[in-house]
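Working notes for the structure below.
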Amino acid sequence: MQIQLSWIDPNTEERREPLFTTPVAIGRKFEEMPAEINGELVSRLVIPDDLVADYHVLITSKNQQLIVIAQNQNMGMKINGLQKNNGSLNDGDRLQIGSCEIVVNLAATTVCDRMVGFLFKRRCDRTDHTGCPYCDQSYEEDYAFYADYGNYRSGGWGNTYYDQRDCYFYDHYTGNVNFTEADAVSFERESDADFEYDMGAS
Amino acid sequence: MPIELQKLRKHSIYEDTALLDSVTTDLDDIVALSQLAEIKQNKFGKQAIYYFAGAAIVGIISFGLSGIASGLLNVVAFLFNLGLVGLVIAWIYALVMMLKFRRLNVINYRYHLTRQLIEMLARDLDVKELFHLQLSFKKGESNENKTNTIDHPYKSGWKIDIYENQWLNMRGRFLDKTRFVLTITGLSKKQYGWKRGSSGKNKYKSKVKSGGLDINLNLIYPQRRYGAIKVLQNEVKEAINIPTFSFLRGLKVTDKSMNLTVRLDPQLAESQEKIYQTIVAMFLSLYQVLNLAKMLSKETV
Ligand SMILES: [Zn+2]
């Protein structure tokens, strides 16, 4: 998950708004913070303030939820002004560490545009890909039971219809399927079927 | 809803209409239950053998003792008899328990196949829609599955019972609003009658013959999305691509629905893998048609 943290640097009084990928460790000493947790690279943010511990808090994400855990129980932190040792963070929450107040914003997430589904393809449209049960799955084995599934190329079933697909229109008022000759003339023949593209267009 | 064990034990049938999650949880419960039953059945089966052997040995000894019974030996013989009674009771108990668990130890390939099918279908299922599953673990030749009785064509006095055992019925709705009904029906025949044996006595004989499986898939789809199927109607048959070990029994196509029936040979009727492959091929065959129909079904504006 990507988050944007914004705060005023206590030494330079400068406003800072960098983008981080979770997990994010915050502390006073870079080398005191872990470089890696459970195989995930940790973004390390150093805040040079006497009231900040060497390794003060860790922000992680689990199931699209942002969690913050104080690593130094004695120093703790404040979430929206309340003293806490751990808690969850929502978009716009204020996290106070030492004398530094950090505003946490969830970065606009990108939507997965991979094609998923077995019988008919559609866009995944999920915002979190980690452990995505759909887009990580391969259906090769099952497609083996219908060789050429999703292809309507030359010599295969339905090819003539597929080649002229742009000429067909369905009128749902009358229930009729119309064929437009004019379009057939201007239609450019495609050599190969882009299965996923066609399946996904809805 | 937790699965009703009593019901499963009594009727050997699972039936529910619920969200997919709940149905799969139930299926997993049945798997666990059946595996446990298998273990218990074996355990009590072994116990029954031990108790029986023990009772036999004690029985022989006490019978021997009773012949030379006098004084102190009388007391020993009495104790042996007491032990014999105890062992016989234990033996009967173990037998009853074994039979009880045997009823719960349901036919494995049926739920494994069902689980496998759900996993395949779940990729396109609308999880917010209700899913219906009826899964029976009954053997085919029971009275309620009997659909017809006919006279034997050449054995006089003999009859043939015809059975149709629909042991799977699945219904659900895909994300494209298409509804599906999938059924698996085991077919079998039983011929029976009196036969004169070599000794001259009349003997009652019966013989069961499997007729294989009928797999039926019905798809009911939205016309708005797949309306152009009427253009392809006459060519649907060529798109059907089922495994070589199965054959097409029926195909009906209208602009609202497709119905496909495939027959599987008797020797494959209990093969989880072969049934699964056939069903996957059936779904893919019909959707090969639907996906093209969709491309031709753009609406006129
Ligand atoms: Zn995805």
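Between B:A32 and A:H172, what FRET efficiency follows from the Cβ-Cβ distance if R0 is 35 Å, with the result rounded to 0.05?
The calculated FRET efficiency here is 0.10.
If we count every other residue with Cβ under 10 angstrom of A:N105's Cβ, Lys/Arg +1 and Asp/Glu -1, where does the sum land?
Taking every Cβ under 10 Å from that of A:N105, the sum is -3.
At 10 °C and a viscosity of 1.306 mPa s, what translational diffusion coefficient does Stokes-Einstein give for chain B, taking Rh as the Kirkwood radius over Cα pairs? Give it in µm²/s as a whole number.
Answer from the Stokes-Einstein relation: 67 µm²/s.
Residue by residue through B:216-223, how many Cβ atoms from other chains fall within 10 Å of the Cβ on average?
Counting Cβ atoms of other protein chains within 10 Å of each residue's Cβ and averaging gives 1.
Aspartates and glutamates within cross-link reach of B:K205: Cα-Cα under 17 Å, excluding same-chain residues under 8 positions apart?
By straight Cα distance, B:K205 reaches B:E141, B:D151, B:D161.
So what's the angle, to the nearest 10 degrees on a 0 to 90 scale, between helix B:20-67 and the longest Cα principal axis of chain B?
So the inclination is approximately 20 degrees.
Rounded, prolate or oblate for the range B:178-266? Axes are the square roots of the Cα gyration tensor eigenvalues, ordered a ≥ b ≥ c, and the cut-off for rounded is a/c under 1.5.
Since a/c reaches 1.5 and a/b is larger than b/c, the shape of the range B:178-266 is classed as prolate.
Excluding A:V68 itself, what net charge comes from residues whose Cβ is under 12 Å from its Cβ, given Lys and Arg +1 and Asp and Glu -1?
+3
Using the Cα gyration tensor of the range A:4-94, with a ≥ b ≥ c the square roots of its eigenvalues, what is the shape: rounded (a/c below 1.5), prolate (a/b larger than b/c) or oblate (neither)?
rounded
Can you give me the angle between helix B:272-295 and the longest principal axis of chain B, using Cα atoms only, in degrees from 0 to 90, rounded to the nearest 10?
20 degrees
Can you check what the net charge comes to around A:V46, using other residues whose Cβ is under 15 Å from the Cβ of A:V46 (Lys, Arg +1; Asp, Glu -1)?
Net charge around A:V46: -3.
Hey, could you get me the Stokes-Einstein D for the range B:86-238, Kirkwood radius over alpha-carbon pairs, 37 °C and 0.692 mPa s, rounded to whole µm² s⁻¹?
In µm²/s, the coefficient is 164.
Mind telling me which of B:D151, B:D126, B:D161 comes out most flexible in a GNM of chain B, alpha-carbon contacts under 10 Å?
B:D151
With every protein chain kept in place and ligands, DNA and RNA left out, what is the accessible area per residue of the protein assembly as shown? Probe 1.4 Å, answer in Å².
Ligands and nucleic acids excluded, the figure is 54 Å² per residue.
Shielding of B:120-132 by partners, i.e. mean partner chain Cβ atoms within 10 Å per residue?
The mean count of partner-chain Cβ atoms within 10 Å per residue comes to 2.
Rank B:G83, B:G197, B:G54 by mean-square fluctuation in a GNM of chain B with C-alpha springs under 10 angstrom and give only the top-ranked residue.
In the Gaussian network model the winner is B:G197.
Between the helical axis of B:72-104 and the dominant principal axis of chain B, each derived from Cα atoms, what acute angle in degrees is found, rounded to the nearest 10?
So the inclination is approximately 0 degrees.
Classify the protein assembly as shown: rounded, prolate or oblate, from the alpha-carbon gyration tensor (a ≥ b ≥ c, eigenvalue square roots; a/c under 1.5 rounded; otherwise prolate if a/b is larger than b/c)?
Since a/c reaches 1.5 but b/c is at least a/b, the shape of the protein assembly as shown is classed as oblate.
To the nearest whole number, what is the average tally of beta carbon atoms from other chains within 10 Å of the beta carbons of peptide A:157-164?
Across the residues of A:157-164, the mean count of other-chain Cβ atoms within 10 Å is 5.
List the lysines whose alpha-carbon lies under 26 Å from that of B:K43, not counting same-chain residues fewer than 8 positions away?
Filter leaves B:K7, B:K10, B:K100, B:K138, B:K139.
I need to check one value: relative contact order of chain B, counting alpha carbon pairs closer than 8 Å and at least 6 residues apart, in percent.
14 percent
The values are calculated or read from the model by the stated rules, or taken from the named source; none is laboratory data. Please read these numbers as outputs of a predicted model, since none were measured by experiment. Please note: Cβ atoms are built from the backbone with ideal geometry, for glycine as well, and neighbour counts cover all protein chains shown. What goes into the accessible areas is simple: the full protein's heavy atoms, side chains included, and nothing from ligands, DNA or RNA. Shrake-Rupley method; radii C 1.70, N 1.55, O 1.52, S 1.80 Å.
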